[in-house]
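Encoded as structure tokens, the structure appears first; notes follow it.
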Amino acid sequence: GTFSVALPRRFPDVECVCVDAAPEMTAITRARLAAHAPLFADRARFVVQRFETLGFAPGAFDLIASSISLHHVHDKGALYRALHELLRDGGHLVFADQMRGASERVHAINWERWLAFCREPSHCTKEEIASLLAHAEAHDHYTPVREHFALMEGAGFREVDCVWRDGSWGIIVASRA
């Protein structure tokens, strides 16, 4: 929901569809938007569904944006093909997420940096770190930036770029020609 709150500042007049597979996350997003941008929240649609099974018409969106969720998707090639179809010509995909390192060594360095950040005072408790690690083991599918690029280009995206990267965190953008 934090990312969704930023959208009305940048795009105050757009129609927004907020999607999450977890009803709790959709409820949090709805509440945050209602508190920070009530008119925007009134126009927004909230959909509890997985990205892989979205049932919108082809070309329904100008922009698809995601924050810290695509690493939960195992078959990113199928996801990128589906998202490409949902965008109108000239539309954009933008996502921020955790990425796998280009090699096992680099991935291990990035992962350890992230854990060191989590261990800093007032960031995470030992229990929270244990929960994060268990969740990652059970549900996360990290993909290297180069593989994201290949899958996205294979799905038809153009102008694919990583516009920001810090360790395992990155922002990737692409357009539908």
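The values are calculated or read from the model by the stated rules, or taken from the named source; none is laboratory data. Owing to the predicted nature of the structure, the values given are computational and were not obtained by experimental measurement. Methodologically, a virtual Cβ is constructed for each residue, glycine included, from the backbone with ideal geometry; neighbour enumeration extends over all protein chains shown. Accessible surface is based on the protein model in full, side chains and every heavy atom, while ligands, DNA and RNA are left aside. Shrake-Rupley method; radii C 1.70, N 1.55, O 1.52, S 1.80 Å.
Points to keep in mind about this one:
- Isolated Cys in the chain, by beta carbon distance under 4.7 Å: C16, C18, C162
- F11 contributes about 70 Å² of solvent-accessible surface, heavy atoms of the protein only, 1.4 Å probe.
- Gain on full extension, evaluated as 0.36 nm per residue between D89 and R9 minus their Cα-Cα distance, stands at 26.4 nm.
- Inter-label distance for I109 and H36, nm, one decimal - labels placed 7 Å from Cα along Cα-to-Cβ: 3.4 nm
- Sites E24 and S175, calculated FRET efficiency, Cβ-Cβ separation with R0 30 Å, nearest 0.05: 0.40
- Here the dipole of segment 70-135 is about 120 debye; that uses its Cα centre as origin and unit charges on the Cβ of Lys and Arg (positive) and Asp and Glu (negative).
- Residues of segment 94-116 with amide N under 17 Å of a point placed 7 Å along Cα→Cβ from I129: 108-116
- Estimated FRET transfer efficiency (A78, R146; beta-carbon r; R0 30 Å; 0.05): 0.95
- Global geometry of the chain, whether rounded, prolate or oblate, following the gyration tensor of its Cα atoms and the 1.5 cut on a/c: oblate
- Scanning residues 5 or more positions from V17 or on other chains, those with amide H under 5 Å from its amide H are R45, with H placed 1.01 Å from N in the peptide plane.
- Given +1 at the Cβ of Lys and Arg, -1 at the Cβ of Asp and Glu and no other charges, the dipole of the chain around its Cα centre is 220 debye to the nearest 20.
- Sequence-ordered 3J(HN,Hα) estimates for segment 67-76 from the Karplus curve with 6.51, -1.76 and 1.60 and θ = phi - 60° stand at 9, 6, 9, 5, 5, 7, 8, 6, 9, 5 Hz, glycine and proline given as x.
- Couplings 3J(HN,Hα) of segment 44-49, computed from phi: 6, 9, 10, 10, 9, 6 Hz, in residue order, whole Hz [Karplus 6.51 cos²θ - 1.76 cosθ + 1.60, θ = phi - 60°; x for Gly and Pro].
- Per-residue HN-Hα couplings for segment 9-24 [Karplus 6.51, -1.76, 1.60; θ = phi - 60°; Hz; x = Gly/Pro]: 5, 8, 10, x, 9, 7, 8, 10, 10, 9, 10, 7, 6, 9, x, 5
- Toward the positive end of the charge dipole of segment 1-99, with +1 on the Cβ of Lys and Arg and -1 on the Cβ of Asp and Glu, the farthest Cα among L79, T53, C18 is that of C18.
- Farthest positive-ward along the chain dipole, Cα basis, beta-carbon charges - from G1, H139, I68: G1
- DSSP bridge orientation in the chain - percent antiparallel, rounded to nearest 5: 55 percent
- Centre-to-centre, using Cα atoms only, segment 116-175 and segment 1-52 are separated by 22 Å.
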